[in-house]
Amino acid sequence: MIKEFTIDINEDQLTNIKSKIEHYPWSSIENMEEWTHGTNKKYLKELCDYWSKEFSWKKHEQLINSFKNYKTNVDGIDIHFIKEEGSGKNPKTLLLLHGWPGSVVEFLEIIKPLAHPEEFGGNINDAFTVIAPSLPGFGFSGAPKEPIGPRKIAEILNKLMIENLDYKKYVAQGGDWGATICNWLGYDHYDNCKAIHINCLTMRHPNGPQTEEEIDWQNKFDQDQIIQDGYRTQQATKPQTLAYSMVDSPVGIAAWIIEKMHGWSDLKNDNIESAYSKDVLLANIMVYILTNTFNSASWIYFGRREEGGRYFPKDFKKINIPTGIAMFPKEMSEWPPKSYIERIFNVRHISKMSGGGHFAALEKPRLLIEDIRIFFNQIIL
C-alpha cells in the first residue's frame, strides 16, 4: 500500500529546538577560529544565531511538501519517497539516491529540471520520472530494527521500485552512500536496474591495485583518509555511544554535519557559504533533528562493516550494466586510475567536471543534471 505523506512539524518541537540553540554553553568551547581541529566555532555561532533568529523550517517544509510525497512499507520499513512524474510520452524512471550526511533536501533543486526539462529550456524527450527516497533510517523513512548496510538497502530499494511502484526497469544515480547502493543495484539487481550514474567511488576491487599507477593512488588515498577516519570509525563501530551525545543537542548535530559539508566541498577562500546558503545547510540539518534519525542514519556505516566493508566479495565478477561517472574535482575520495575503475564497472561515460565536490546536486546542480541526461540518453530500457 502506498500512502500520501505530508510533513507537518508542530510548533512546540520547533520552539524546543530554538530554546536549546539559544541556551547552548558556548563559553565551555575553546576559541578555535579555523577548521583545522574541527568545526570553526566562530562560524558555528554565526550559523546558530541565524538559526534561532531568522531561519524558518516551515518555508522548507512547504517546499518539500510542494512535491508529491509518499510512504510505503518494504520489508517492514516505512520508506518515504518523493515522486515526480516525468513529462512526455515515455520518460525513463530514475531512482535518485542521497548519502550521509545528506537527505532529500539535496535534490529539491534538481528534481523538476530532471522531470520537466522543457520548462527549463531543455528537451521534453530528456525527461525522467524521478523517485527520490529517504534511505532506510534516514529522514522521513522508518529505521530498521538493527543496522543494515548498503547491499541490504539496495535490495530494499529494488523491491520499492519493482514491487511497490511496479517499475520493472529503471536507472539509478547517487553520490556517497547513494553511489554505493547504485553499485549493489548494478551487481545484484541488474535484471531491473539497467544502468547507474555515480559521482563518488566508495567500494574497492577485492584484488586491490595492480599497476604502479594504481598502487600510487592507493597509497595516497590511504594517507588522505587518515584525517577522515575519525567520524567513519566511530559510526562504523560504536554509533550508539555517539547517539547519546547528539540526541539532545541540535548544535552538536549541526557541528558534526557542517564539518563534512565544509571539508568535502569546492569552496572559495575556505568559505562554506561560497557553496551553500545558511538556509540549505540548516534545512538538511533539521531533517536529522526533527526526525530523530541522527543515530539510525549512522547505522549504515556499521552495516557496511558487517557486510564485509569497503571491498567487494572475493568472487566479484564486475558490474556489467552500463555505468556513467561524473568526477568532481573536490570530491573527498579521489578517483583511482581508469584501469582500476574499468575492472569494477562497464564504463560507458566519464566526465571530468570544472568545479564542485562531494555534494554535487547542491554545489553544481546544472552540471550534474546535464551529465545525467547525456549518459542515460544512451540507455535503452
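The values are calculated or read from the model by the stated rules, or taken from the named source; none is laboratory data. In this text, all values refer to a predicted model and were calculated from it rather than measured experimentally. Cβ placement follows ideal geometry from the backbone for every residue including glycine, while neighbour counts extend to all protein chains displayed.
Numerical summary
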{"quantity": "Helices (runs of 4 or more DSSP H) contained entirely in region 311-381, each with at least 2 residues that are within 17 Å of the chain's Cα centre (by Cα)", "calculated": "360-363, 365-376"}
{"quantity": "Residues (aromatic (F, W, Y) and either out of contact with any strand residue (DSSP E or B) (no Cβ under 7 Å at 6 or more places or on another chain) or surrounded by fewer than 18 Cβ atoms within 10 Å (Cβ to Cβ) (or both)) located in region 253-287", "calculated": "W256, Y276"}
{"quantity": "Residue match in region 82-91 (condition: part of a strand (DSSP E or B) and crowded, with 21+ Cβ neighbours inside 10 Å)", "calculated": "yes"}
{"quantity": "Search result, residues across region 222-232 that are under 26 Å from Y276 (Cβ atoms), out of contact with any Phe, Trp or Tyr (no Cβ under 8 Å at 6 or more places or on another chain) and part of a helix (DSSP H, G or I)", "calculated": "D224, Q225, D229, G230"}
{"quantity": "Hey, N219 over 27 Å from V347 (Cβ atoms), surrounded by fewer than 16 Cβ atoms within 10 Å (Cβ to Cβ) and out of contact with any Cys (no Cβ under 9 Å at 6 or more places or on another chain) or not", "calculated": "no"}
{"quantity": "Subset tally (residues that are among the hydroxyl-bearing types (S, T, Y) and touching a Ser or Thr at 6+ places or on another chain (Cβ under 9 Å)) for region 297-334", "calculated": "2"}
{"quantity": "Among residues of region 328-349, those that are of a type in the set (A, V, I, L, M, F, W, C) and either surrounded by fewer than 17 Cβ atoms within 10 Å (Cβ to Cβ) or more than 22 Å from Y187 (Cα to Cα) (or both), counted", "calculated": "3"}
{"quantity": "Single residue of region 158-208 satisfying the filter (hydroxyl-bearing (S, T, Y), under 23 Å from E106 (Cβ atoms) and in contact with a strand residue (DSSP E or B) (Cβ under 7 Å, 6 or more places away or on another chain)) that is surrounded by the fewest Cβ atoms within 10 Å (Cβ to Cβ)", "calculated": "Y167"}
{"quantity": "Flag if L96 is modelled with pLDDT of 95 or more and under 15 Å from M161 (Cβ atoms)", "calculated": "yes"}
{"quantity": "Residues satisfying the stated conditions in region 46-75, i.e. without any contact (Cβ under 8 Å) to a residue 60 or more places away in the chain and either touching a helix residue (DSSP H, G or I) at 6+ places or on another chain (Cβ under 6 Å) or on the phi > 0 side of the Ramachandran plot (or both)", "calculated": "S52"}
{"quantity": "One residue from G230, G175 being at pLDDT 95 or above, closer than 29 Å to Y288 by Cβ and not hydrophobic (A, V, I, L, M, F, W, C)", "calculated": "G175"}
{"quantity": "The lone exception for L108 - which of (1) exposed (fewer than 13 other Cβ atoms within 10 Å of the Cβ); (2) free of Cβ contacts under 8 Å to residues at least 60 places away in the same chain it fails", "calculated": "(1)"}
